[in-house]
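None of the figures in this text is laboratory data; all of them are computed from the coordinates on show. All values derive from a computational prediction rather than experimental measurement. Cβ: placed from backbone, ideal geometry, glycine included. Neighbour counts: every protein chain shown.
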């Protein structure tokens, strides 16, 4: 695989997540669904387990859902399979992902990224009026690309 092919694969993953977002899945659901599929995990449970992480953890102004979805996908790739497993690879991959996302966007916090708190009526109004879903789509696409890059870099995935 060449570097060009790798980048194209990451971009394709990002576009697929953006399309799922456009069709109605939210940030965490879209990111996790695409990155899980790329790891051979195909289940209706995948978007369901991510739903509560969307909108800054259920509109609580927490971590961006796109970031949360990628963290869960990195867990699929590098997380422990049992209590004896090591955490180093998982932690370093998640840390690298969050560092890259924050370098690009300035934060990994939903309220900071959007400039509003989705748990308030005012915040939801700002979200609608300023069409901030377009930002969420961008975060979804880019989080998927960054997550795909980290997963593709180490195709053997997790350490037990």
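Here are some notes:
- Only Cα pairs under 8 Å and 6+ residues apart enter the sum, and on that basis the relative contact order of the chain stands at 32 percent.
- Averaging 1/r over each pair of different alpha-carbon atoms in the chain and inverting the result gives 15.6 Å, the Kirkwood hydrodynamic radius.
- Ranked packing of 76-82, 52-58, most packed first, by mean Cβ within 10 Å: 52-58, 76-82
- Annotation for residue 45 and residue 133: the two label points, set 7 Å from Cα along the Cα-Cβ direction, are 3.0 nm apart.
- Packing-based ranking of 34-44, 65-75 yields 65-75, 34-44, ordered from highest to lowest mean Cβ neighbour count within 10 Å.
- Each peptide in 140-150, 116-126 was scored by the mean count of other Cβ atoms within 10 Å over its residues; highest first, the order is 140-150, 116-126.
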